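*Asks:* The structure that follows is given in the form of structure tokens.
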Amino acid sequence: MKRRRMSTEYEMDHSYAMPNVNDNSNALLKKIQNVYVNRLLTDITLVVGGVSYPAHRFMLCISSDVFESMLMNSKRSDSHQNVIELQEVPLCIEVFPLFLQYFYTGEITLEHNNIMPMLVLADKYNVKDLTVLCVEYMCEHIADAANQGQLVTWFQYVLSINQPMMVNAAYFCKIWQDTECIKVKPLWNKLFKACRNFIKWNIDTCVDCFNTFQCDVLVGLLKQSDLVVLDEIQLFKYVVSWLNYQTAKKLTECNDSDTVEEYRISLTEHVMSYIRYPMIPPRIIAQLLVEPVLKQNMNFFVEKMAAAMEYNMIKKEKQSNAKNLLECTPRLYTCPRWGDEFSICQKSIKDFLSVKKEITTNSDLFERDQEKPDRTHWNVELFLKGLWFGKALWISWSDSLVLPEMIVKMVRATIELKLKKDEKMRTFSYLVRVAILVYALQNKITHVVSVVQKVVLFNNEQVKITIDDFMVYDAINRPKTNINDTNVSYIIYESLKFHVIITPIVPGLTDTHIGTRIQHVHF
């Protein structure tokens, strides 16, 4: 059995290390390192990118299952050779010396500029302990990866090594959903979910890597209703940037202008079909007509814009079908039209007392050409320091019982519809989707870390709802407690940050398959 002292030195002085070994083991480790540094007793040479690396068959075999199969199987030609040339991509060629050194020293420095090629090598040669270190490092630097334009690449790599043989459009939609339909190996599951949810709920933070989306993966994302974005026009602009990037990339691969133009038109119509045009206010739709992408695909966009204007201008709902079911379903928009954000100073939160705020949202899904759309008022109340229930007397027809004082350590949110005077006097029904975005901090980068969604019918009998445990209680009330083991904290510079979003649902026209879900970025 291999015993190796494993540690990684991060730019943030983070490290992983196994317990200290005894003096004899340390001495043996130093001898092994000396053998590597001075290239003593080498019996094989690996050639990578034209550079020769003297090595030892024994160390290669005990470190890598792939090398063991390559060098110990007498039926393979590699097992009889003293010089073996390995074919690696350029980025892996650069880090190969560090990769090989890890076999002898058990130590490696992981940084953003080498983590992906190091993970590729560790996975290719099945170096399990190094793969674990790479995955753990990546989980602790999800926010950094987005900030440095790498997160989409990370996500698509994990997706590629877990992808089944047969895939279709439904598969690329499911990968963005919190479902067990996608088979992900246990080692990769945590990283897969962390990347996926961070991208989906922090797309504005991922703008530097948005253009690296593969087409099918992007289309799957655009089909999601729990995508957090400022508004639909912002998402439209991201996709335009992606189209321009892909067209320029195609142009470098093919100098035939006719081929590139045909590619651009086809790609534009395919991807832009998933923008939800009815969710763009009419005044903004008119402004889009000057966009170059619209001028280049006028027939396609005129049809889309006309349908969107019909929803917003004509007071008549169209018949629902699978296509407009998504078109008329709002995403989790963070613009003032659908909600508001607020931050709470942690020191100001009192035990068992709530924090209250009133927010306003548009009453109608479509603006209907109103200069000043009707607004609905809501009372949001958050209990972040637990719940206290005083003594109570329970009385039944046969007996009575004194209920003792009780303290419940949990986090609770209540959303209450503030009724207008005329609504109190008449029967009303208002179907909405309520969502709470919870923000957190990882390596000084603020991002949405969890989302709770709930479809609710407010009426004369129910004007207030309760949502429990949408945050980890201990992570709020014990400042040194992280949400999980990925260095994530709810405390953002001594404050807690939330965003409440409430969007109307039009029965028969808007997708309601949301239910109640609480999802977290980091698992």
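Bear in mind these aren't lab numbers, they're just calculated from the coordinates by the rules spelled out. None of these values were measured; they are calculated from a predicted model. Cβ: placed from backbone, ideal geometry, glycine included. Neighbour counts: every protein chain shown.
*Asks:* Return the Rg/Rh value of region 395-458, two decimal places, where both radii are evaluated on C-alpha atoms and Rh is the Kirkwood radius.
*Replies:* Radius of gyration over Kirkwood radius for region 395-458 works out to 1.19.
*Asks:* Take the Cα radius of gyration of region 57-212 and divide it by 2.2 N^0.38 Å, with N its residue count; two decimals is plenty. Write out the running numbers ahead of the final one.
*Replies:* Working: Rg = 17.4 Å, N = 156, 2.2 N^0.38 = 15.0 Å.
Working it through for region 57-212, the quotient is 1.16.
*Asks:* A follow-up question, please. Restricting the calculation to Cα positions, tell me the Rg (one decimal) and the Dmax (whole number) of region 138-205 in Å.
*Replies:* Taking only Cα atoms of region 138-205, I get Rg and Dmax of 11.8, 33 Å.
*Asks:* Lys and Arg at +1, Asp and Glu at -1: add these up for the other residues within a Cβ distance under 15 Å of Lys237 and post the number.
*Replies:* Working: positive: Arg276, Arg331; negative: Asp204, Asp208, Asp231, Glu232, Glu291.
Around Lys237, the surrounding residues sum to -3.
*Asks:* Give me the mean projected area, in nm² to one decimal, of the convex hull enclosing the Cα positions of region 76-123.
*Replies:* Taking the Cα atoms of region 76-123, their convex hull projects to 4.1 nm² on average.
*Asks:* From the Cα gyration tensor of region 185-339, with a ≥ b ≥ c the square roots of its eigenvalues, which class applies: rounded if a/c is under 1.5, or else prolate if a/b is larger than b/c, or else oblate?
*Replies:* Oblate is the answer for region 185-339, as a/c is 1.5 or above yet b/c matches or exceeds a/b.
*Asks:* Around Asn162, which amide H atoms from residues at least 5 apart in sequence, or from another chain, sit under 5 Å from its own amide H, with H modelled in the peptide plane?
*Replies:* Hits under the 5 Å cutoff: none.
*Asks:* While we're here: Beyond 21 Å, what percent of the Cα pairs of region 339-405 remain?
*Replies:* Pairs farther apart than 21 Å: 57 percent.
*Asks:* For Asp258 and Glu341, calculate 0.36 nm times their separation in residues minus their Cα-Cα distance, and state this gained length in nm to one decimal.
*Replies:* Difference between extended and current length: 25.1 nm.
*Asks:* Moving on to the next point. Equivalent ellipsoid semi-axes for region 446-489, as square roots of 5 times the alpha carbon gyration tensor eigenvalues: give them largest first, rounded to whole Å.
*Replies:* Details: eigenvalues 187, 29, 9 Å².
Three semi-axes, in Å: 31, 12, 7.
*Asks:* When a/c reaches 1.5 or more, the comparison of a/b and b/c decides; with that in mind, is region 376-499 rounded, prolate or oblate per its Cα gyration tensor?
*Replies:* Values: a/c = 3.02, a/b = 1.28, b/c = 2.36.
Judged from the Cα gyration tensor, region 376-499 comes out oblate (a/c at least 1.5, b/c at or above a/b).
*Asks:* Quick query: amide H of Asp340 versus all other amide H atoms, modeled in the peptide plane; which residues come in under 5 Å with a sequence gap of 5 or more or a different chain?
*Replies:* Amide H neighbours of Asp340, under 5 Å, 5+ apart: Val500.
*Asks:* Residue by residue through region 282-298, which ³J(HN,Hα) values in whole Hz follow from phi under the Karplus form 6.51 cos²θ - 1.76 cosθ + 1.60 (θ = phi - 60°), with glycine and proline marked x?
*Replies:* x, 5, 7, 4, 4, 5, 5, 4, 8, 5, x, 5, 6, 5, 7, 10, 4
*Asks:* Further question: Rounded to two decimal places and with Rh computed the Kirkwood way over Cα pairs, what is Rg over Rh for region 204-270?
*Replies:* Result for region 204-270 is an Rg/Rh of 1.00.
*Asks:* If you don't mind, there's one more thing I want to ask. Which value in nm describes the separation of the simple spin-label points at Ile284 and Leu267, placed 7 Å from the Cα toward the beta carbon?
*Replies:* According to this spin-label approximation, the distance is 2.5 nm.
*Asks:* Calculate the tail of P(r) for region 150-274: the fraction of all Cα-Cα distances greater than 26 Å, expressed in %.
*Replies:* 23 percent
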